[in-house]
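Here the structure is laid out as structure tokens; the discussion comes afterwards.
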Amino acid sequence: MKVFVDANVLVAVLNKEYPMFSYASRVLSLNDSPKFDVYTSPACLAIALYFSEKKSGNALARNKIKYLCEHIHIADTDQNTVNKAISNKKVHDFEDGLEYYSATASGCKCIVTEDVGDFYFSEMEVMKPKEFLLKYLS
């Protein structure tokens, strides 16, 4: 199963934000399982780096992002992705639209985020990390 993780999941892991860290880190670790492929987008990585730099400084934050990128998949964000995000009138937040269409282009079946309501327009399943783990690992 291909799973897309939102920026807030990445930030929770990079900054060890509890209580979300426990669930978010477990979701990211699923990429090591043959049953799951974990994806994120370049936009999510940029957001995660920004918030990680605020807490850890530039050098450590970049090392964390580098390590993360070696262990998950990066979804494409191309012209088609941008066009879909812009032209979907249901999408009010451009960044969420970019993430959604990056996820769909990569064949993801679920978006994992703490901000489920941001993806009100989604035609795929959207869940919080804890809910995702309970549903797919129980």
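The values are calculated or read from the model by the stated rules, or taken from the named source; none is laboratory data. Quick caveat, the model's predicted, so the values are computed rather than measured. Neighbour counts run over all protein chains shown; Cβ positions are idealised from the backbone, glycine included.
A few points about this structure:
- Residue match in the stretch 38-60 (condition: under 27 Å from Leu133 (Cα atoms), in contact with a strand residue (DSSP E or B) (Cβ under 6 Å, 6 or more places away or on another chain) and either small (Gly, Ala, Ser) or without any contact (Cβ under 8 Å) to a residue 24 or more places away in the chain (or both)): no
- Enumeration of residues in the stretch 3-29 that are in contact with a helix residue (DSSP H, G or I) (Cβ under 8 Å, 6 or more places away or on another chain) and more than 15 Å from Lys128 (Cβ to Cβ): Leu14, Asn15
- Sole residue being touching a Gly at 6+ places or on another chain (Cβ under 8 Å), in a helix (DSSP H, G or I), modelled with pLDDT of 95 or more and of a type in the set (D, E, K, R), chosen from Lys66, Lys84, Lys54: Lys84
- Val38 surrounded by 15 or more Cβ atoms within 10 Å (Cβ to Cβ) and assigned to a helix (DSSP H, G or I): no
- Counting the residues of the stretch 89-134 that are in a helix (DSSP H, G or I), buried (at least 17 other Cβ atoms within 10 Å of the Cβ) and charged (D, E, K, R) gives 5.
- If the condition is being basic (Lys, Arg) and in contact (Cβ under 8 Å) with a residue 24 or more places away in the chain, then the stretch 89-138 contributes Lys90, Lys109, Lys128, Lys130.
- Flag if Ala43 is of a type in the set (A, V, I, L, M), closer than 17 Å to Glu114 by Cβ and touching a Leu at 6+ places or on another chain (Cβ under 9 Å): yes
- Identity of the residue in the stretch 1-35, in contact (Cβ under 8 Å) with a residue 40 or more places away in the chain and in a loop (DSSP other than H, G, I, E, B), that ends up surrounded by the fewest Cβ atoms within 10 Å (Cβ to Cβ): Met1
- Residue among Ile72, Ile86 that alone is aliphatic (A, V, I, L, M) and either within 16 Å of the chain's Cα centre (by Cα) or within 26 Å of Met1 (Cα to Cα) (or both): Ile72
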